[in-house]
Amino acid sequence: MKFIAYIFAYAFVWLLHLLPERILFLLSDLLYLLMYHVAGYRKKVVYTNLEKAFPEYEKSEIRRIAKKFFHHLSDLMLESAVSHFYSESKALKKITYKNPELLNELHGKGKQVMAVLGHYGNWEYMSTLALAIDYPVVAIYKPLHNKYMDRMMQKNRNTFGVITVPMEKITRRLIEYHKSNTPVLTLNLGDQRPLYRQIQYWTKFLGRDTPMFLGTEKLARKLDTAVVFLKIRKLKRGRYEMEAELICESPKDLEPLEITNRHVAILEDLIREEPAYWLWSHKRWKHSYEKYQEEHGE
């Protein structure tokens with residue numbers, strides 16, 4: 001049954017990629033109507049997250065951002081689905097790399113790089129990053145339960161040369177690159193929600209106590225990698241821009257937890273700049289800081 005679902009999904013996406021961009025935008029508008037006005041997909045989650053992140057905003061402004069987010073989410077879903085059918089030239093028309101020289105300078109120094117990004121803009125377009133810089137690009141991912149859909153997702157990310165590595169194998173793989181003096185740039189989504197048992201650190205994010213993964217910081221310190229944040233801004237429908245911001249060339253220059261605090265702060269600034277393009281439908285604040293304090297005696 002899963003294989004049949006995969007075949008239908010692949011065929012549907014293949015047909016979608018044949019459509020002109022203006023038709024895809026029309027389909028995206030229809031998808032928005034279905035998600036927001038008919039199905040109400042995670043509307044309660046989105047509105048709750050927005051209201052708590054921006055308590056100073058009027059209800060009308062929250063509603064405006066929510067609707068703009070659902071429009072963007074519809075675009076994002078279709079863009080991500082069809083992108084692995086693009087040619088290299090077409091893919092690079094979708095996203096502009098503002099300052100690849102920053103990354104190439106680090107490559108020239110032989111530095112490994114941990115590149116943090118958030119669920120902002122269209123992070124899936126980072127599958128094209130290897131076309132724009134000197135580094136081999138590694139992406140950390142969590143495999144899907146459906147192996148066929150997982151295969152399609154990985155094909156999407158591998159199309160333009162990105163090497164995908166499951167989360168549980170990434171430390172060993174990066175150590176291998178380090179020992180062989182092979183500088184790579186590793187993509188890591190820094191705003192994912194850890195499992196409750198995995199929580200090691202809480203910080204303020206969008207005004208709320210938020211648990212954060214420390215994986216980026218731990219790997220960076222273990223391997224003495226440079227750390228950058230990749231800002232992906234939406235310029236207009238179907239067009240994005242990536243700007244890299246250096247956090248450090250060596251973690252030795254920073255205090256413990258400073259890497260994490262800095263990439264969280266950069267993402268928050270990016271979200272506040274244009275809130276609609278972050279993934280508000282994600283249950284980012286599912287875990288309670290008060291409950292955690294009670295259970296851990298903090």
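Values in this text are rule-based calculations from the coordinates and carry no lab data. As the structure is a prediction and not an experimental result, all values here were calculated from the model. Here Cβ is always computed from backbone atoms with ideal geometry, including for glycine, and neighbour counts include all displayed protein chains.
For the range 97-147, trypsin sites (Lys or Arg not before Pro) meeting the loop criterion (DSSP other than H, G, I, E, B) and having at most 11 other Cβ atoms within 10 Å: LYS109. Starting from the Cα gyration tensor of the range 17-122, take the square roots of the eigenvalues, sort them a ≥ b ≥ c, and report rounded, prolate or oblate (rounded when a/c is under 1.5, otherwise prolate if a/b is larger than b/c, else oblate). In terms of gyration-tensor shape, oblate. Among residues other than ASP224 with Cβ under 10 Å from its Cβ, the summed charge is +3 (Lys and Arg +1, Asp and Glu -1).
For PRO183, neighbours were defined as the other residues whose beta-carbon sits under 15 Å from its Cβ, and their charges (Lys and Arg +1, Asp and Glu -1) total -1. Indicate the gyration tensor shape class of the range 1-49 (rounded, prolate or oblate), computed on the Cα atoms with a ≥ b ≥ c the square roots of the eigenvalues: a/c under 1.5 is rounded; otherwise a/b larger than b/c is prolate and the rest oblate. Oblate, since a/c reaches 1.5 and b/c is not below a/b. Based on C-alpha pairs under 8 angstrom that are at least 6 apart in sequence, the chain has a relative contact order of 23 percent. Computed per residue of the chain from DSSP H runs no shorter than four, each worth -39500 (n - 2.57), the mean residue ellipticity at 222 nm is -14000 deg cm²/dmol. Under 5 Å between amide hydrogens, built in the peptide plane, is the criterion, and for ILE163 it picks out VAL137, VAL138, ALA139 among residues at least 5 positions away or on other chains.
Net charge within 9 Å of CYS248 by Cβ-Cβ distance, Lys/Arg positive one each and Asp/Glu negative one each, not counting CYS248 itself? Neighbour charge sum, excluding CYS248 itself: -1.
For the chain, the antiparallel share of DSSP beta bridges with both residues in that region comes to about 40%.
Taking a straight line from the alpha carbon of LYS43, these lysines sit under 21 Å away, with near neighbours fewer than eight places off in the same chain left out: LYS52, LYS59, LYS67, LYS68, LYS283, LYS286.
Where a ≥ b ≥ c are the square roots of the eigenvalues of the C-alpha gyration tensor, would you call the range 74-119 rounded, which needs a/c under 1.5, or, failing that, prolate if a/b is larger than b/c, or oblate? Prolate.
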